[in-house]
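The values are calculated or read from the model by the stated rules, or taken from the named source; none is laboratory data. Everything numeric in this text was worked out from a predicted model, so none of it was measured. Glycine also receives a Cβ, built like all others from the backbone with ideal geometry; neighbour counts cover every protein chain displayed. Accessible surface areas use protein heavy atoms only, side chains included; no ligands, DNA or RNA. Shrake-Rupley method; radii C 1.70, N 1.55, O 1.52, S 1.80 Å.
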Amino acid sequence: MPFPVDLKWITQTEQKLGVRFPASFVTAMSRMNGGSVRTHVDVFELFPFLDASDRKRIQRTCGSIDRETMSARKGWHGFPPNAVAIGENGGGDLLILLPMPDQPDMLQHSVYWWDHETGEVEQVADDFSNLPKT
């Protein structure tokens, strides 16, 4: 069950990954750290930001954005090396954010689907706020 997360945990993840998340994603996740969204491809469960404020929150957020991103970068053939994984569909495909071409430390507002079988990346939303919550 998603719950609010303090901005300091979002900032900590940004520092770990060396990126800044788009404002609409930060706003949505600060209110509900996790949950699921629907795309034309599938429903994706969102990875939370790691929240180490107490044992219960650590346990509920250990499958965090930074951990899942690092795992995808190391373990998935064809995963874009600069992508940040923000969700999964349970079948291996990931919902990702990509950096801006002219600012590699700033993630785009657009949201993409990464197909684990083909390695292809397809835009599924112009902005995170456009994805319906389920």
> Roughly how large, in nm² to one decimal, is the mean projection of the convex hull of the alpha-carbon atoms in the chain?
Replying inline: 7.4 nm²
> Rg(Cα) of segment 1-62 divided by 2.2 N^0.38 Å?
Replying inline: 1.12
>> Between CYS62 and SER30, what is the label-point separation in nm under the 7 Å Cα-to-beta-carbon projection?
In response: 2.9 nm
>> Given N residues in segment 90-134, what is its alpha carbon radius of gyration divided by 2.2 N^0.38 Å?
In response: 1.22
> Put MET29, MET100 in order of accessible area, largest first, 1.4 Å probe: what do you get?
Replying inline: MET100, MET29
>> Could you sort the peptides 62-73, 40-51 by per-residue average Cβ neighbour count (10 Å cutoff), highest mean leading?
In response: 40-51, 62-73
> Setting aside same-chain residues fewer than 8 positions from LYS8, which lysines have a Cα under 23 Å from its Cα?
Replying inline: LYS16, LYS56
>> Place a point 7 Å from the Cα of SER129 along the Cα-to-Cβ direction; which residues of segment 23-50 have their backbone N under 16 Å from it?
In response: 23-32
>> If you count only protein heavy atoms with a 1.4 Å probe, what accessible area per residue comes out for segment 50-134, rounded to a whole Å²?
In response: 56 Å²
> For the charge dipole of the chain, defined by +1 on Lys and Arg C-beta atoms and -1 on Asp and Glu C-beta atoms about the Cα centroid, which residue among GLY90, PHE3, ILE65 has the Cα displaced farthest towards the positive pole?
Replying inline: PHE3
> Gain in length, SER53 to THR118, computed as 0.36 nm per residue apart minus the alpha-carbon separation, to one decimal in nm?
Replying inline: 19.5 nm
> Given Cα pairs under 8 Å that are at least 6 residues apart, what percent is the relative contact order of segment 36-99?
Replying inline: 29 percent
> How many angstrom lie between the C-alpha centres of segment 102-134 and segment 4-38?
Replying inline: 15 Å
> Just by accessible area at a 1.4 angstrom probe, what is the order of LYS16, LYS74 from largest to smallest?
Replying inline: LYS74, LYS16
> Dipole magnitude of the chain about its Cα centre, charges +1 at Lys/Arg Cβ and -1 at Asp/Glu Cβ only, in debye to the nearest 20?
Replying inline: 700 debye
> Pairing the Cα long axis of helix 65-75 with the longest principal axis of the chain, what angle in degrees results, from 0 to 90 and rounded to the nearest 10?
Replying inline: 40 degrees
